[in-house]
Amino acid sequence: MKKFTQMYLRKGLTFLLLIGMIFVGDEAFGQKKKKKNSKNAPPAAATAPARPASPKSGPKPYEEVITDKAKSKDGLFKVHELDGKYFYEIPDSLIGREMLIVTTIAKTADGIGYGGERTNTLLVRWDQNGDNVLLKVVSYSNTAADSLPIFTAVKSSNLEPILQKFDVKAKATDKNGVVIEVTDLFSKDVQAIGLPRNRRTEYKVTRLDNERSYIERISTYPINIEARYVMTYAATEPPSNASTGLITVEMNSSMVLLPEEPMMQRLSDRRVGWFSRSVVDYGLDQQKAARRTFLDRWRLEVKEEDYEKFKRGELVEPKKPIVFYIDPATPERWRPYLKQGIEDWQKAFEEAGFKNAILAKDAPTKEEDPDWSPEDARYSVIRYFASDIQNAYGPHVSDPRSGEIIESDIGWYHNVMNLLRNWFFIQTAAVNPEARGVNFREETMGRLIRFVSSHEVGHTLGLPHNFASSHAYPVDSLRSATFTKEFGTAPSIMDYARFNYIAQPGDANVSLMPDVGPYDKYSIAWGYRPILEAKTPEEEQPTLDKWILAKQGDPVYRFGRQGNSYDPSSQSEDLGDDAMKASDYGIKNLKIILPNLAKWTAEEDKPFKDYSDLNEMYGQVIGQYNRYMGHIRTNVGGVYEFYKSAGQDEPVYVHTDKNKQKRAVQFINKELFATPTWLMDEKIIERTGDFGALERIRGVQVTTLNGILEWGRLGRMIENEALNGKNAYTMVELFDDLRGGIWTELPSGKTIDVHRRSLQRAHIERLELLLTGNEPNLPAQFRAFLGPQINASQSDIRPMARGELKTLQRQITAAIPRTSDRLSKLHLEDALERINKILDPK
């Protein structure tokens, strides 16, 4: 032990002496030299030897960065993976080219969006600055032609943010490009391609946990690069797995090369529904900063050799058709129906002058094409997800400079079949034996899949929902086999018209669902038909306007936007031009379905199954009934929105007819507020739950009542009276009609049932809100979408609510002595006390 210690002491002493020499070396050597050459020696500083040279900064030789251990693949950029690090080899020809980064959630935990949900889209450009590469975010929200003097000012006011700066690690193998490391872009917290800000705020995300975040893979293809990476965030309020304090999501960023020459824009017109984008164009000859809005659409072009054929009206094949592939993960039996949904749009493109413009293909097998991938941006795919989400969606990736759609991947969740089953059952089982069950025949489900496939493909072509379409046909026409076979149940498959709940037993061979209809053909022709003689978007406008005016006044060709809560002709899930008449037919069908629900949800080959299907379908009946009440409610205080151009000199906004509004309130009073006891089916209730049946009915009643006595609706009624006087259905009339329907027992002293007691309390509570509350202060983006809000405190709403409460105060006071039922009397005494406290809180 002693010998061992002595050895280490000697080594330690030697090490200390060496350290000392290093620290005093410069000075000692200088002094020694000075003494030796004292006469001619320059100052010490000049004679001191140079320090060891620092390692060379800047790019290294290629083979030192990308060694033979690297896994490399050619594509848009060469991508190299080496020891868990990722490198892009960017050719000079792509420096300065614009690309689109589309970020989506690929996989997620419960409550955090859904797989395939898009979180951000960025237009980017890779620029080189010396030995650095800058990933810049480009914006075309402000623009001007580069030939105009104002272009310089626009450029100066649009300084491009730098998303990431990369050191150039090496020159490319052929010296015509650079190598950069991109590992940190996808493994560190770059918010633009990570969890979006609204989710971070909602879940109180504090940081990215780098130890639990990593790159899954980066794949490169001829026109795109796909990066898949797992991000784990520390969060104080995660929506699931709360005990961990973590959120883990798998993200996908797709970087797609945009065409070098942008496609010519086609300018938007709100009279034809279309997904579009806007820029502020400072180059327009207007005395303001004017918006320029243009369509999102595929580049369908006539071959030059076919120009004359096209001009003669002959159908021609486009230079490049739209092709959708079916995901290999799709079950075999559903593939034909998905493909039919795609090619249903052939007839619409024929209206635009093209044949074989849209094609459906099975994805090639590994043997046929080992390099084929659904992530390759050259291919548009219906992606099939094994998920319990009841949904399908149809997004697209488009060039923000021109609107050209580059590619689309439709998301198809396996469990959308459950959604289809429920809709079809509840809306058609009264007239359709094929819908009476919880497991449909393959042909029946296949037809439903085709319907949804066609709808989602419509979105990828550029078409939004057209909620005015379902209002175009007279209600009774939808009971006609002849009419529905020719025209379908709505002019557009892009409405949420769903299935024909109007058809009644005995209406033989009537169609039960919409197809690609006359509006769809018209809108595809309007957006895609080439106008060969036009060389600019402005030169196209007279022709486009002429096509619109040719359909002027025909409701079949009208567009109604989604999200207008006050237009009774532009609603979701409705059918026909009269909501009261259509809903009456629908309720008659529900009254047929409900008593048969237990039998139609049972399965003979499963005698031991529970009542979960019965419970689910009972909920669907209540939900469908609630939709009917919503369709009717929207007529009250309704305002139609008919898009017009200034040259048509016609009103855009028209208030709903007074008699129609009164009919709507009468229908609700009679059908809903008088208590729909037929919905309280005892045999179903005793099999599906120990509590909650009354709450389901109360929920429908209160939702409808509060929807009628809603700030924006009452504001529109006040304005209607100011504009149209006696021709308007006034707020006074509405309040009188509602009171007459909700409090019918007061004059006679009749027993008030449990449903009515709840409804009457809800009425008092709503009046209290109108008297003392305010319309919710919505964020600016919602106000822009929903329209202006009423100033409640300075409107007639508060006086009206106070007057209504005083009227009820008098009527209830008079009714209590003549009410003999004990619980009804207690209810009225409580109601009176509530009103007294509202009117006099002290």
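Miscellaneous remarks
Here is a yes/no grid of residues against (1) under 25 Å from residue 451 (Cβ atoms); (2) in contact with a strand residue (DSSP E or B) (Cβ under 6 Å, 6 or more places away or on another chain); (3) part of a helix (DSSP H, G or I); (4) in the same structural domain as residue 524 (by TED's automatic domain parsing):
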position: 309; (1), (2), (3), (4): no, yes, yes, yes
position: 323; (1), (2), (3), (4): yes, yes, no, yes
position: 378; (1), (2), (3), (4): no, no, no, yes
position: 381; (1), (2), (3), (4): yes, yes, no, yes
position: 389; (1), (2), (3), (4): yes, yes, no, yes
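- Among residues of the stretch 77-119 being polar (S, T, N, Q) and buried (at least 16 other Cβ atoms within 10 Å of the Cβ), the one that is modelled with the lowest pLDDT is 108.
- Where a residue in the stretch 525-543 is of a type in the set (Lys, Arg) and its partner, wherever it lies, is assigned to a loop (DSSP other than H, G, I, E, B), with Cβ under 7 Å and at least six apart: 529/352; 529/353
- Pairs linking a residue in the stretch 385-410 that is more than 27 Å from residue 111 (Cβ to Cβ) to a residue that is of a type in the set (A, V, I, L, M) and part of a loop (DSSP other than H, G, I, E, B), with Cβ atoms under 6 Å and 6 or more positions apart or on different chains, are 399/258; 402/263; 404/263; 407/377.
- In the stretch 222-281, the residues that are within 23 Å of residue 542 (Cα to Cα) and among the aromatic types (Phe, Trp, Tyr): 274, 275
- Scanning the stretch 391-414 for residues that are closer than 21 Å to residue 496 by Cβ and not in a strand (DSSP E or B) yields 391, 394, 395, 396, 408.
- The residues of the stretch 306-331 that are charged (D, E, K, R) and more than 19 Å from residue 529 (Cβ to Cβ) amount to a single one, 327.
- Only one entry of 72, 57 meets the criterion of being surrounded by fewer than 10 Cβ atoms within 10 Å (Cβ to Cβ), under 60 Å from the mean Cα position of the chain (by Cα), within 28 Å of residue 127 (Cβ to Cβ) and modelled with pLDDT of 50 or more, and that entry is 57.
- Scanning the stretch 174-220 for residues that are part of a loop (DSSP other than H, G, I, E, B), at positive phi and at pLDDT 90 or above yields a single hit, 204.
- Candidates 359, 338, filtered to the one that is outside any loop (DSSP other than H, G, I, E, B) and surrounded by fewer than 16 Cβ atoms within 10 Å (Cβ to Cβ): 359
- Single residue of the stretch 690-726 satisfying the filter (basic (Lys, Arg) and more than 19 Å from residue 568 (Cβ to Cβ)) that is surrounded by the most Cβ atoms within 10 Å (Cβ to Cβ): 696
- Among the residues making up the stretch 632-652, those that are touching a residue at least 24 places away in the same chain (Cβ under 8 Å) and either part of a loop (DSSP other than H, G, I, E, B) or buried (at least 24 other Cβ atoms within 10 Å of the Cβ) (or both) are 632, 633, 634, 635, 636, 637, 638, 642, 643, 644, 645.
- Count of the stretch 78-110 residues which are more than 22 Å from residue 387 (Cα to Cα) and either in contact with a helix residue (DSSP H, G or I) (Cβ under 8 Å, 6 or more places away or on another chain) or not in a helix (DSSP H, G or I) (or both): 22
- Scope the stretch 243-257; condition within 27 Å of the chain's Cα centre (by Cα) and either modelled with pLDDT under 90 or of a type outside the set (D, E, K, R) (or both); matching residues: 246, 247, 248, 249, 251, 252, 253, 254, 255, 256, 257
- Selection of first residues in the stretch 454-465 that are more than 8 Å from residue 341 (Cβ to Cβ) and of second residues that are at pLDDT 95 or above and part of a helix (DSSP H, G or I), restricted to Cβ pairs under 7 Å at least 6 apart or on distinct chains, gives the following pairs, ordered by first then second residue: 458/520; 461/524; 462/527; 463/523.
- Hits in the stretch 731-771 (condition: assigned to a loop (DSSP other than H, G, I, E, B) and buried (at least 19 other Cβ atoms within 10 Å of the Cβ)): 743, 745, 746, 752
- Look at the stretch 228-254: where a residue is surrounded by fewer than 18 Cβ atoms within 10 Å (Cβ to Cβ) and in a loop (DSSP other than H, G, I, E, B) and a partner is at pLDDT 90 or above and of a type in the set (Gly, Ala, Ser), sitting 6+ places away or on another chain with Cβ atoms under 7 Å, you get 236/245; 245/234; 245/235.
- The helices (runs of 4 or more DSSP H) found wholly in the stretch 477-587 and carrying at least 3 residues that are crowded, with 20+ Cβ neighbours inside 10 Å and not assigned by TED's automatic domain parsing to the domain that holds residue 659 occupy 518-528.
- Looking across the stretch 161-185, the residues that are touching a residue at least 12 places away in the same chain (Cβ under 8 Å) and over 40 Å from the mean Cα position of the chain (by Cα) come down to 169, 170, 171, 172, 173, 176.
- Every residue from the stretch 318-358 that is under 20 Å from residue 415 (Cβ atoms) and touching a residue at least 24 places away in the same chain (Cβ under 8 Å): 326, 327, 328, 329, 330, 331, 333, 334, 335, 337, 338, 341
- Screening the stretch 588-610 for residues that are more than 16 Å from residue 676 (Cβ to Cβ) and crowded, with 16+ Cβ neighbours inside 10 Å and picking the one that is nearest to the chain's Cα centre (by Cα) gives 601.
The values are calculated or read from the model by the stated rules, or taken from the named source; none is laboratory data. Here the structure is a predicted model, which is why all the values come from computation and not from measurement. Note: ideal-geometry Cβ built from the backbone for every residue, glycine included; neighbour counts use all protein chains shown.
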